[in-house]
Protein chains: 2
Amino acid sequence: MASKFPVLEVFGPTVQGEGMVVGQKTMFVRTAGCDYSCSWCDSAFTWDGSAKDDIKQLTAEEIWNQLEEVGGDRFRHVTISGGNPALLKNLGEFTELLKKKEVKVALETQGSRYQPWFLEIDDLTISPKPPSSLMKTDFHRLDEIINNLREAGRLMHVSLKVVIFDEEDLRYATNVHKRYPDVSFYVQVGNHDTATLDDAALKDALLSKYEWLIDQVSASNELNHVRVLPQLHTLVWGNKRGV
Amino acid sequence: MASKFPVLEVFGPTVQGEGMVVGQKTMFVRTAGCDYSCSWCDSAFTWDGSAKDDIKQLTAEEIWNQLEEVGGDRFRHVTISGGNPALLKNLGEFTELLKKKEVKVALETQGSRYQPWFLEIDDLTISPKPPSSLMKTDFHRLDEIINNLREAGRLMHVSLKVVIFDEEDLRYATNVHKRYPDVSFYVQVGNHDTATLDDAALKDALLSKYEWLIDQVSASNELNHVRVLPQLHTLVWGNKRGV
Ligand code: SF4
Ligand code: SF4
């Protein structure tokens with residue numbers, strides 16, 4: 001029998017605002033549920049119960065139908081985000097379906113759980129959480145995930161991304177980069193205020209923080225093979241959801 | 001004897017603000033001279049004579065020394081920009097030197113001229129100019145360039161990028177994308193005012209145009225495998241040079 005997956009949002013096409021395929025035209029599928037509770041989570045509604053009435057239990061086929069309904073023939077790329085979609089053991093049913101439809105698939109997870117279907121993801125972002133999140137990285141687990149991907153020859157489809165709020169986060173990021181020097185590495189400006197509706201002030205603050213992060217990375221000789229990015233969608237739309 | 005190249009600026013490390021390696025930590029080397037004169041050129045000082053006293057004639061070795069002087073041990077990536085660096089027949093002397101130093105190299109050109117050393121570039125951006133530039137694309141030449149790169153198995157190191165100011169530009173971009181469907185394709189928000197010092201107004205205008213461009217691409221079923229990007233450096237620094 002086909003598995004069901006907890007889906008919170010299907011929207012797009014729009015562009016991916018961050019990470020290894022920043023700017024990519026894509027549809028989004030957001031799954032519910034997370035094993036973390038980051039202090040600054042910008043998707044807390046996926047796990048804090050506040051949107052639990054919006055969760056739909058859908059099969060792979062049903063998610064696809066929703067994608068077509070919303071996106072028509074205007075997409076060839078789907079991004080699965082969460083929450084942590086890596087909690088969903090059978091999500092390979094959905095990634096296989098996308099492959100059959102010749103649609104590329106991106107997925108982001110914090111790296112707390114491995115799934116064999118990671119090997120099917122075209123753009124896999126692993127985003128371990130720095131100290132400011134108040135979460136603790138299980139590096140033994142992360143080693144395992146990266147090793148699996150490396151041994152399967154998938155590293156060209158994989159990146160590591162660390163969100164940075166302060167200097168301690170940047171030290172953490174530097175250590176992650178040194179631990180996995182052969183994995184494409186991204187640092188991203190953290191959004192310190194995921195609630196504000198004052199878009200103009202938020203944009204200014206985020207651009208200033210981006211400049212700070214560029215300066216920090218520029219000054220380091222341990223962060224030479226690095227890409228530094230803001231969240232484009234926050235610059236354009238502030239904290240609005242579903243864009 | 002070692003060739004000399006007309007160099008206008010060596011600066012960094014900073015981040016690449018646009019295109020296929022957007023966000024990449026990099027040094028910049030800007031060469032003088034262009035065979036185009038785009039109406040909205042943001043680097044007109046490279047060819048309009050206004051900076052001709054700043055041009056230094058440097059060998060590959062001398063450019064490298066400048067890079068080390070400015071960037072120390074804080075870089076492993078160099079971006080060559082212009083003007084049109086593809087006018088420089090012997091620039092392979094410099095790209096070979098970078099290879100020897102284990103430094104990655106990116107280069108941008110409008111696609112009016114092929115050079116055999118294109119095959120040595122890690123991130124080659126070919127940026128044909130849309131109607132608003134008032135330039136005319138030689139598609140016969142562009143076909144030749146893309147074919148050479150395709151036959152050499154280099155397409156994973158190549159992208160096409162078109163700067164968009166209006167709907168006519170977007171139609172041009174759509175045709176370029178359809179002509180070379182196997183080449184990574186980027187559209188970028190054009191900067192309509194490369195002179196203003198009013199950074200806040202410029203940022204707002206560019207973010208609005210970015211939103212417009214995302215909407216246009218989202219609405220098209222011919223632009224599904226596309227990445228849509230702003231110029232990050234303009235959002236952060238406005239029209240300031242050398243950052
Ligand atoms: S891992 Fe992601 S979704 Fe989960 S709490 Fe942290 S930021 Fe939120
Ligand atoms: S090709 Fe580039 S450098 Fe040359 S005029 Fe056009 S925009 Fe300026």
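The values are calculated or read from the model by the stated rules, or taken from the named source; none is laboratory data. Note that the structure is predicted; figures quoted are calculated from it, not measured. In this analysis, Cβ positions are derived from the backbone assuming ideal geometry, glycine residues included, and neighbour counts consider all displayed protein chains.
Tell me which residues, restricted to segment A:23-55, are crowded, with 22+ Cβ neighbours inside 10 Å and basic (Lys, Arg).
A:25, A:30
Write out, first by first residue and then by second, each pair whose Cβ atoms fall under 9 Å of each other, whose residues are 6+ apart or on separate chains, and whose first residue, in segment A:191-212, is within 18 Å of residue A:43 (Cα to Cα) and within 13 Å of chain B (Cβ to nearest Cβ) while the second is β-branched (Val, Ile, Thr) and loosely packed, with under 14 Cβ neighbours inside 10 Å.
A:202/A:196
Determine whether residue B:75 is crowded, with 16+ Cβ neighbours inside 10 Å and within 14 Å of chain A (Cβ to nearest Cβ).
Details: crowded, with 16+ Cβ neighbours inside 10 Å: yes; within 14 Å of chain A (Cβ to nearest Cβ): yes.
Criteria met by residue B:75.
Could you say which residue among B:51, B:44, B:60 is near ligand 2 (Cβ under 9 Å from one of its atoms), of a type in the set (A, V, I, L, M) and away from chain A (no Cβ under 14 Å)? Walk me through it before giving the result.
On the way: B:51 fails: near ligand 2 (Cβ under 9 Å from one of its atoms); B:60 fails: near ligand 2 (Cβ under 9 Å from one of its atoms).
When all the criteria are applied, what remains is B:44.
Criterion first (farther than 24 Å from residue B:123 by Cα and within 10 Å of another protein chain (Cβ to nearest Cβ)) does residue B:219 satisfy it? Give the steps one after another, and end with the answer.
Values: farther than 24 Å from residue B:123 by Cα: yes; within 10 Å of another protein chain (Cβ to nearest Cβ): yes.
Criteria met by residue B:219.
Pull up segment B:183-223, narrow it to residues that are in contact with a helix residue (DSSP H, G or I) (Cβ under 6 Å, 6 or more places away or on another chain) and of a type in the set (D, E, K, R), then point me to the one that is modelled with the lowest pLDDT.
Once the filter is applied, the top-ranked residue is B:203.
For residues in segment A:96-112 being more than 22 Å from residue A:17 (Cβ to Cβ) and more than 14 Å from the chain's Cα centre (by Cα), which is nearest to ligand 2 (Cβ to nearest atom)? Before you say what the answer is, go through the steps one by one.
Restricting attention to segment A:96-112, the residues satisfying the condition of being more than 22 Å from residue A:17 (Cβ to Cβ) are A:96-97, A:99-102, A:112.
Going one step further and asking which of them are more than 14 Å from the chain's Cα centre (by Cα), we end up with A:96-97, A:99-102.
Details: A:96: 44, A:97: 43, A:99: 39, A:100: 42, A:101: 39, A:102: 35 Å.
Here the residue is A:102.
Which condition from (1) crowded, with 22+ Cβ neighbours inside 10 Å; (2) away from ligand 1 (no atom under 16 Å from the Cβ) is the one that residue A:106 breaks?
With respect to (1) crowded, with 22+ Cβ neighbours inside 10 Å; (2) away from ligand 1 (no atom under 16 Å from the Cβ), residue A:106 is out only on (2).
Any idea which of A:187, A:228, A:236, A:176 is within 30 Å of residue A:153 (Cα to Cα) and in a helix (DSSP H, G or I)? Don't jump to the end; show me each part of the working.
Values: A:187 fails: in a helix (DSSP H, G or I); A:228 fails: in a helix (DSSP H, G or I); A:236 fails: within 30 Å of residue A:153 (Cα to Cα).
None of the others qualify; the one that does is A:176.
For segment B:21-41, give me each residue that is within 20 Å of residue B:229 (Cα to Cα) and either at the interface with chain A (Cβ under 10 Å from one of its Cβ atoms) or hydroxyl-bearing (Ser, Thr, Tyr) (or both).
Of everything in segment B:21-41, those that are within 20 Å of residue B:229 (Cα to Cα) and either at the interface with chain A (Cβ under 10 Å from one of its Cβ atoms) or hydroxyl-bearing (Ser, Thr, Tyr) (or both) turn out to be B:21, B:22, B:23, B:24, B:25, B:26.
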